1. Quick one: Leu137 ticks every box in (1) within 18 Å of Gly17 (Cα to Cα); (2) of a type outside the set (Phe, Trp, Tyr); (3) buried (at least 23 other Cβ atoms within 10 Å of the Cβ); (4) touching a Leu at 6+ places or on another chain (Cβ under 8 Å) except a single one, so which number is it?
2. Of all residues in segment 37-81, which are closer than 17 Å to Ile121 by Cα, assigned to a loop (DSSP other than H, G, I, E, B) and of a type in the set (A, V, I, L, M, F, W, C)?
3. Against the condition farther than 19 Å from Phe152 by Cβ, crowded, with 16+ Cβ neighbours inside 10 Å, among the β-branched types (Val, Ile, Thr) and within 12 Å of the chain's Cα centre (by Cα), how does Ile43 come out, does it pass?
4. Under 6 Å between Cβ atoms, which residue pairs at least 6 apart in sequence (or on different chains) link something in segment 12-29 that is touching a residue at least 12 places away in the same chain (Cβ under 8 Å) with a partner that is surrounded by 22 or more Cβ atoms within 10 Å (Cβ to Cβ) and in a loop (DSSP other than H, G, I, E, B)?
5. Modelled with pLDDT of 95 or more and loosely packed, with under 15 Cβ neighbours inside 10 Å, is that true of Asp131?
6. Name the residue, out of Val89, Val57, Val112, Val40, that is in contact with a strand residue (DSSP E or B) (Cβ under 7 Å, 6 or more places away or on another chain), closer than 19 Å to Pro143 by Cα and at pLDDT 95 or above.
7. State all residues of segment 1-36 that are in a helix (DSSP H, G or I), within 19 Å of Gly135 (Cβ to Cβ) and of a type outside the set (Gly, Ala, Ser); if no residue qualifies, say none.
8. Here is a list of conditions, (1) farther than 20 Å from Arg146 by Cα; (2) surrounded by fewer than 24 Cβ atoms within 10 Å (Cβ to Cβ), and Ala28 meets all of them except one; can you say which number that is?
Amino acid sequence: MISTMKRVLLVFDTKFGNTEKLAKEIAAGIEETGTAECKVIGIKEVGSEDISGYDGVLFGGPVHAFRATRGIKGAIKDAAKKGLDGKLVSSFDTYQAPGHKGNAARGIEGEVSKRAPRAKIFTPGLTALVDGYEGPLNATEPPKAREFGKKFAKELAG
């Protein structure tokens, strides 16, 4: 019997651990569907990861200086070289100030579009509020992250 289980890679950049927590909640939501399994890695691990084995990839990071971090942009560049075209790709970010909401997620989507023009972008990405400069993740965000993961998995399953 051939497994129809999809594989999803979640790549995150984080400074205080909030975006990593968000990534893990998204992964839990994806896995709860029973249609996909997830691997969550930090940006430094992208270089050694075989991207070809994944059906979907999500990139996330905090909003930094009103945009996506240099680290997550570099991870997208590395992943695109290994093959993001044809995959379902999405974004997620964490923000602290209301004016920053979604800035990194939109920047990530733009970077993916530039580096892997044939990737299928699942939009809008998820954007999550962090309470205070160092966090924690706002208590309303983990359930939203799980729901976002389920929606991504449903789109991936077709």
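1. Among (1) within 18 Å of Gly17 (Cα to Cα); (2) of a type outside the set (Phe, Trp, Tyr); (3) buried (at least 23 other Cβ atoms within 10 Å of the Cβ); (4) touching a Leu at 6+ places or on another chain (Cβ under 8 Å), Leu137 violates only (3).
2. Of everything in segment 37-81, just one residue is closer than 17 Å to Ile121 by Cα, assigned to a loop (DSSP other than H, G, I, E, B) and of a type in the set (A, V, I, L, M, F, W, C), namely Ala68.
3. yes
4. Note: pairs meeting the criteria are Asp13/Thr69.
5. Answer is yes for this residue.
6. Val40
7. The answer is Asn18, Thr19, Glu20, Lys21, Leu22, Lys24, Glu25, Ile26.
8. (1)
The values are calculated or read from the model by the stated rules, or taken from the named source; none is laboratory data. None of these values were measured; they are calculated from a predicted model. In this analysis, Cβ positions are derived from the backbone assuming ideal geometry, glycine residues included, and neighbour counts consider all displayed protein chains.
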